[in-house]
Amino acid sequence: MAAPWQDVVRDAAAVREAAAVAVDAALLAGLLMRTGEQPNASDVVNYAPFTLLPSAVPQALFEQAYAVQQDFNLLVDAVSQNKEFLEQTLASTIKVDDFTARLFRIYTQVLEEGLAQTVFLGINRSDYMFDCGQDGTAALRQIEINTIAASFGGLTSRTTDVHRLVLKALGKTEEATRLVPNNPAKGLALGIAKAWELYGSQRAVVMFLVEEVQRNIFDQRCVENELWNRNIRVVRKRFRDVFEQGSLDASRRLFVDGQEVAVVYYREGYVPQVYDQQSWEARLLLERSRAVKCPDIATQLAGTKKVQQELSRPGTLERLLPSHPGAIARIRATFAGLYSLDEGEEGDRIAATAIADPDRFVLKPQREGGGNNLYGEELREVLEKIKDSPERTSYILMDKIKPQPALNYLLRAHSPLQVSECISELGIFGVYVRQGQELVLNQAAGHLLRTKATEHADGGVAAGVAVLDTPYLL
């Protein structure tokens, strides 16, 4: 699907001029990242990578993605509360995947002790691609749902204005007015603020749990500043700060460095590499506390690939959302083919099919953060190696989605200006807050479009592969 400026892509002089305008506009708008050389310093920064031109997105599929987000919020919340479902679904995975197993052990320990937390906050992002059928029609297909540290809600809030200016500079003023307003940072902060309010202490702070290496700090600052604008105090701490400074009082209120914490917003904690023994102890302390965790550990487990695969089985959605037939239909309409590699006849058959025709599938491990999936010959080699081993149960298979490529320029600092054949991925942010059994907030909070060159099979913006983009609805 070509946007109405594919003529511009071939005009070298217009592209050079537009790129200069775009880069300055990005810097002016605060579309920023720290540099790889100094990832913890803000005295040297550069613009976050982004497309020169907005990418075409089918309006009907864009609206479908928004319409189903509240349903996915309901589903994630339902999964997080269903101990039996999580136990059954992850039983095979925790035998072979140590990271998921350790998360699950904390989950069961906290449940046995009794939850101190009464307010629950979910910030998730459901990611989709547009699968192009043989007849040329596109269908919305879910890639995954991210339930922890879903990023770029801040920077994408700044991207639309940059692209609007670029279109005006190219003489496409009418098209510039058609870009959809987008401010996920405001929506995410609304959810955090509601959870903070329901926690019930004006003195308590919101704690962003952050990485040791913080290149993407400005994305987080966008959300932070929205909270400061509401007079909600924000602190930034790492796992090691929690380990060294954290404690619970008799009623399991969480204190870090002497400050009571109402909400813990995780921007860390989704990959095994960040956990040493101190980090695991800090994570347990956080989970045992009364503070609102975003996500709590049950919701992080609800976002695993194995859960995603199990949700696609016939009857599973009906079991989890028995009184929501409309939501079930809308959710199921977005599913791609998902297949279990559990030990047994079904898993044997699926593994053999994928080895015989690897280009039909994507092999997905239980990991977040981008850059983990396997394709083509690499998929075949890994499956050949693990096909007779329990290790294969730590993966799922998904049908490979085949979007229609389009030409664009991917603007990166210190990189040559050259045209690329690109594909895009649309994410919809969702926010919900539950107090006890009552859902007090449930909404879509904005969108994120990421685009990458077709030569890259996998990877997001933080992984250095995809760039930020803006949808132009057709």
Item to check | Whichever aspartates and glutamates have a C-alpha closer than 13 Å to that of Lys83, once near sequence neighbours (fewer than 8 apart) are set aside | outcome: Glu112
Next on the checklist: For Leu254, what residues show an amide H to amide H distance below 5 Å, using hydrogens built from the backbone and excluding near sequence neighbours?
Outcome noted: Val261, Arg290, Ala291
Checklist outcome for this item: Pseudo-spin-label distance Gln6 to Val271, built 7 Å along Cα→Cβ, given in nm, is 3.6
Checklist entry - Ordered by residue, what ³J(HN,Hα) values in Hz, to whole numbers, does region 302-313 give under the Karplus form 6.51 cos²θ - 1.76 cosθ + 1.60, where θ = phi - 60° and Gly and Pro are x? => result 5, x, 5, 5, 5, 5, 4, 5, 5, 4, 7, 5
Item to check | Cα centroid separation - region 262-333 against region 343-415, whole Å | outcome: 22
Checklist entry - Taking θ as phi - 60°, what are the ³J(HN,Hα) couplings along region 395-401 by the Karplus curve (6.51, -1.76, 1.60), each to the nearest whole Hz, with x for Gly and Pro? => result 10, 10, 10, 9, 4, 6, 8
Checklist entry - Can you tell which of Tyr395, Thr353, Asn372 lies farthest toward the positive end of the dipole of region 337-400, using +1 and -1 charges on the Cβ of basic and acidic side chains (Lys, Arg; Asp, Glu)? => result Asn372
Next on the checklist: Need one word for region 346-474: rounded, prolate or oblate. Basis is the Cα gyration tensor (sqrt eigenvalues a ≥ b ≥ c); a/c below 1.5 gives rounded, then a/b vs b/c decides.
Outcome noted: oblate
Checklist outcome for this item: Of the listed pairs Lys237/Lys306; Lys305/Lys452; Lys387/Lys452; Lys95/Lys364, those with alpha carbons more than 25 Å apart are Lys237/Lys306; Lys387/Lys452
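Given a 1.4 angstrom probe, I'd like the percentage of the accessible area of region 139-267 that is carbon and sulfur, rounded to a whole number.
Working: 2160 of 5020 Å².
About 43 percent, which is the carbon plus sulfur part of the accessible surface.
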Item to check | region 90-114 and region 131-196: distance between their alpha carbon centers, rounded to Å | outcome: 34
Checklist outcome for this item: Computed curve, the chain, Cα-only Debye sum without solvent term, log₁₀ I(q)/I(0) at 0.07 Å⁻¹, is -0.36
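How large is the dipole of the chain about the Cα centre if only Lys and Arg carry +1 and Asp and Glu carry -1, each at its Cβ, rounded to the nearest 20 debye? Each step should come with its number before you reach the end.
On the way: 52 positive and 61 negative charges, 229 e Å.
The calculation lands at about 1100 debye.
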Next on the checklist: Please compute the per residue accessible area over region 337-400 with all protein chains in place, 1.4 Å probe, rounded to a whole number of Å².
Outcome noted: 47
Item to check | Spin-label model distance (nm) - Glu174 vs Trp280, 7 Å beyond Cα toward Cβ | outcome: 6.3
Checklist outcome for this item: Computed over the Cα atoms of region 275-427, the Rg and Dmax in Å are 19.4, 54
Checklist outcome for this item: Expressed as a percent, the accessible surface of region 1-76 that is carbon or sulfur, using a 1.4 Å probe and the full set of protein chains, is 55
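With the full set of protein chains in place, find how many percent of the accessible area of region 337-400 is carbon and sulfur; take the probe as 1.4 Å. Each step should come with its number before you reach the end.
Numbers: 1240 of 2980 Å².
Here it works out to 42 percent.
Per DSSP helix of 4 or more residues, -39500 (n - 2.57); summed, then divided by the residues of the chain. What does that give at 222 nm, rounded to the nearest 500?
Rounded to the nearest 500, it is -11500 deg cm²/dmol.
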Next on the checklist: Under 19 Å from a point placed 7 Å out from the Cα of Gln437 along the Cα-to-Cβ direction: which residues of region 318-335 have their backbone N that close?
Outcome noted: 319-325
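Leaving out ligands and nucleic acids, note down the accessible area per residue over region 19-169 with a 1.4 angstrom probe, in whole Å². Before the final figure, lay out the partial values.
On the way: 5550 Å² over 151 residues.
About 37 Å² of surface per residue is accessible.
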Item to check | Dipole moment magnitude, nearest 20 debye, region 110-228 about Cα centre, only Lys, Arg, Asp, Glu C-beta charged | outcome: 560
Next on the checklist: Between Asp359 and Ala13, what is the label-point separation in nm under the 7 Å Cα-to-beta-carbon projection?
Outcome noted: 4.2
Checklist outcome for this item: Shape descriptors of region 1-90 over alpha-carbon atoms, Rg and Dmax in angstrom, are 21.2, 61
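Report, in cubic angstrom per residue, the convex hull volume of the C-alpha atoms of region 337-400. Before the final figure, lay out the partial values.
Numbers: hull volume 4.7 nm³, N = 64.
In region 337-400, the Cα convex hull volume per residue is 73 Å³.
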Checklist outcome for this item: Phi-derived 3J(HN,Hα) across region 255-263 with the Karplus relation (6.51, -1.76, 1.60, θ = phi - 60°), rounded Hz, x for Gly and Pro, is 10, 10, 6, x, 9, 6, 10, 8, 9
Item to check | Net charge dipole size for region 337-400 [Lys, Arg +1 and Asp, Glu -1 on Cβ; Debye, nearest 20] | outcome: 200
Item to check | Angstrom value of the Kirkwood radius, inverse mean 1/r, which spans all Cα pairs in region 229-340 | outcome: 16.7
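The values are calculated or read from the model by the stated rules, or taken from the named source; none is laboratory data. In this text the structure is predicted, and so the values were computed from the model without any measurement. Glycine gets a Cβ as well: all are built from the backbone with ideal geometry, and neighbour counts include every protein chain shown. Protein only, heavy atoms only, side chains kept; ligands, DNA and RNA dropped before computing areas. Shrake-Rupley method; radii C 1.70, N 1.55, O 1.52, S 1.80 Å.
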